[in-house]
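Read-outs: derived from the displayed coordinates by stated rules, not from any lab. Remember, it's a predicted structure, so these values are computed and weren't measured experimentally. Heads up, the Cβs are rebuilt from the backbone with ideal geometry, glycines too, and the neighbour counts pull from every protein chain shown.
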Amino acid sequence: MNKKENMEFCPFCRKRHNIHQVEVEQKDLFHNQEISYLAQYEYCETTGQQWANEDQLKKNSVRLKDAYRKSVGLLSSEEIKSIRKKYKISQEALASILGWGKKTITRYETVSIQDQVHDDVLRKIGEDPLWFFDFVTRSKDTIDRKLFDKYTTSVSSIYQNLNFEIAKKSLFLEYYYLIKDEKVGNVQVNPNRIENVVNYFAMKIPGLSKNKATRLLLLADFMHYCKYDFGITGLAYTYERNYILPKGHEVIFNLEGIHMTEIMENDHSMFRIEPNFTSEMSLLNKIEINTLDAVIKRFERLNEDDYFDKLNSAAKSTSGKALDYIPYNIACDLELTLN
Ligand SMILES: [Zn+2]
């Protein structure tokens with residue numbers, strides 16, 4: 001018996017005193033099975049009475065059902081909740097992407113017991129983020145874009161370096177809503193071309209850091225766009241926490257063809273890109289390679305911080321406020337020529 005003290009009016013001896021909360025091993029019949037579970041009650045020592053308040057009634061009912069679920073091998077309400085939390089998805093949203101009734105998950109987490117079929121699906125989703133990901137993908141036309149991005153980010157952060165294929169997939173999904181305009185340099189995002197560009201830079205620049213690779217990517221895209229009206233990778237660049245970063249930057253360097261290693265330098269962890277010589281370079285044409293070479297040369301003479309500051313203020317001054325995306329054409333006025 002666990003006891004918790006609690007000064008309250010007692011309905012049995014009709015006095016104010018410490019009402020203990022007790023937990024009692026209880027056996028109830030449920031679905032024709034005798035189920036034992038810990039039930040919670042209030043307890044009056046004077047009269048020896050115990051009773052359940054409204055909260056306890058609810059809690060005890062959940063505990064009974066969870067004990068039943070455990071005995072027949074179904075997920076408990078807490079387990080269902082934790083699956084949902086893992087993907088940062090609400091009860092209704094999860095029900096919706098699974099194609100179930102709006103309140104189905106809410107009921108499973110409170111009053112009802114799921115059948116075996118629903119249990120199998122929830123269990124699969126809990127065990128394998130790709131399953132969840134497939135359901136999200138199938139509902140991409142019906143769910144809000146921000147939520148969609150949130151779920152795909154949950155999945156890719158679970159995978160991190162574990163699975164490369166997911167990096168490619170989630171990059172596509174992050175770009176799903178962007179149309180081909182100056183936000184993406186008039187081209188469709190292409191993970192293989194991103195791999196090609198990063199590897200080209202890594203081959204030419206020994207010890208290439210992830211940060212530098214990110215800036216080189218932007219320069220390559222913007223410079224190419226200003227000369228030919230098309231970017232190279234199709235990445236969109238956003239302004240995030242004082243940095244200009246490509247959308248989906250969390251997954252870009254997890255792409256299969258990019259070999260990133262973490263090294264320690266002066267007690268700081270740094271990410272370096274190792275050239276991947278086995279990666280196919282076939283997707284870039286000669287003109288694009290020329291741009292990459294020009295970018296490397298240009299970068300040596302570039303005052304980086306100054307340049308990226310200018311890019312930011314140019315982006316702000318065209319709209320009066322910070323833009324979600326930095327349109328490629330903004331770079332063309334910034335004396336960034338290919339020579
Ligand atoms: Zn009492």
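List the cysteines of the chain that have no other Cys Cβ closer than 4.7 Å: which are they?
So far as the 4.7 Å Cβ criterion goes, Cys10, Cys13, Cys44 stand without a partner in the chain.
Please list, in order along the range 27-44, the HN-Hα scalar couplings obtained from phi with the Karplus expression 6.51 cos²θ - 1.76 cosθ + 1.60 (θ = phi - 60°), rounded to whole Hz, x for Gly and Pro.
Residue by residue, the range 27-44 yields 10, 10, 8, 9, 6, 6, 10, 7, 10, 9, 7, 8, 9, 10, 9, 8, 9, 9 Hz.
What is the extension gain from Phe172 to Leu38, computed as 0.36 nm multiplied by their sequence separation minus the C-alpha to C-alpha distance, in nm to one decimal?
43.4 nm
Taking the Cα centre of the range 178-333 as origin, work out the dipole magnitude from +1 charges on Lys and Arg Cβ and -1 charges on Asp and Glu Cβ, in debye rounded to 20.
340
Which number comes out as Rg/Rh for the chain once both Rg and the Kirkwood Rh are worked out on C-alpha atoms?
Rg/Rh for the chain comes to 1.18.
Quick one: angle between helix 77-86 and the longest Cα principal axis of the chain, in degrees between 0 and 90, rounded to 10, please.
Tilt of helix 77-86: around 10 degrees.
What distance in nm separates the simple spin-label points at Val121 and Leu147, each placed 7 Å from Cα in the Cβ direction?
1.6
May I ask you to list the chymotrypsin sites (Phe, Trp or Tyr not before Pro) in the range 1-93 that are in a DSSP loop and have at most 15 other Cβ atoms within 10 Å of their Cβ?
Phe12
Can you grab the distance from the C-alpha centre of the range 185-214 to the C-alpha centre of the range 244-313, Å, no decimals?
Between the Cα centre of the range 185-214 and that of the range 244-313, the gap is 5 Å.
Once both axes come from the Cα atoms, what is the angle between helix 191-204 and the longest principal axis of the chain, in degrees from 0 to 90, rounded to 10?
60
Under 18 Å from the Cα of Lys88, which aspartates and glutamates turn up, not counting those fewer than eight places away in the same chain?
Within the straight-line limit of under 18 Å, Lys88 reaches these aspartates and glutamates: Glu78, Glu79, Glu109, Glu127, Asp128, Asp134, Asp144, Asp149, Glu174, Glu250.
Determine which aspartates and glutamates satisfy two conditions relative to Lys310: a Cα distance under 13 Å, and not lying fewer than 8 residues away in the same chain.
Output for Lys310: Asp333, Glu335.
Measure nothing but the geometry: give the 0 to 90° angle between the long axis through the Cα atoms of 164-174 and the longest principal axis through the Cα atoms of the chain, rounded to 10°.
90
Summing Lys, Arg as +1 and Asp, Glu as -1, what charge do residues with Cβ under 12 Å from the Cβ of Leu216 carry, Leu216 excluded?
Values: positive: Lys204, Lys210, Lys212, Arg215, Lys297, Arg298; negative: Asp221, Asp293, Glu300, Glu304.
Neighbourhood net charge equals +2.
Along Cα→Cβ, 7 Å out, is where each label goes; now give me the distance between the ones at Glu25 and Glu8 in nm to one decimal.
Distance between the two pseudo-spin positions: 2.6 nm.
Which of the trypsin sites (Lys or Arg not before Pro) across the range 98-135 are loop residues per DSSP, with 16 or fewer other Cβ within 10 Å?
Of the trypsin sites (Lys or Arg not before Pro), the ones in loops of the range 98-135 whose Cβ has at most 16 other Cβ atoms within 10 Å are Lys102, Lys103.
How about the range 228-274: which GluC sites (Glu not before Pro) there are in a DSSP loop, with at most 13 other Cβ atoms within 10 Å of their Cβ?
Values: sites: Glu240, Glu250, Glu256, Glu262, Glu265; in loops: Glu256.
Loop-located and lightly packed - none at all.
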